[in-house]
Amino acid sequence: MNKMKIASYIILIVSVLAILYALVFNPADWIVYAIAIVCIPFLVLSFGLITMSKPIKEEEEERREEPFTGY
């Protein structure tokens, strides 16, 4: 789970930095479109993965006994 959490935070930081770059420095239109097409879905994905990696109190014991199967 720690690998997923670390990867999610890295994706989140890279996505936010790319979106901020597109907003602040005003690059060419095609670069802004590429950033929007790639980074906004990765931003949403990383939020979901970070949320999934945090166990609920009732599920902590269950997650220790059995690995995450991706249901």
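The values are calculated or read from the model by the stated rules, or taken from the named source; none is laboratory data. Source: prediction; values computed, not measured. Neighbour counts run over all protein chains shown; Cβ positions are idealised from the backbone, glycine included. These area figures cover heavy atoms from the full protein model, side chains too; ligands, DNA and RNA do not enter into them. Shrake-Rupley method; radii C 1.70, N 1.55, O 1.52, S 1.80 Å.
Quick notes on this structure:
- Inter-label distance, GLU59 to VAL44: 2.0 nm, where each label sits 7 Å from its Cα along the C-beta direction.
- Rolling a 1.4 Å probe over the heavy atoms of the protein chains gives the chain an accessible area of 81 Å² per residue.
- Per residue, the convex hull spanned by the Cα atoms of the chain measures out at 84 cubic angstrom.
- Each stretch of four or more DSSP H residues adds -39500 (n - 2.57); spread over every residue of the chain, this sum gives -26000 deg cm²/dmol at 222 nm.
- Between the Cα long axis of helix 2-24 and the first principal axis of the chain there is an angle of about 20°, rounded to the nearest 10.
- Carbon plus sulfur fraction of accessible area for the chain, probe 1.4 Å, in percent: 70 percent
- Cα long-axis angle, helix 29-53 against the chain (0 to 90 degrees, to the nearest 10): 10 degrees
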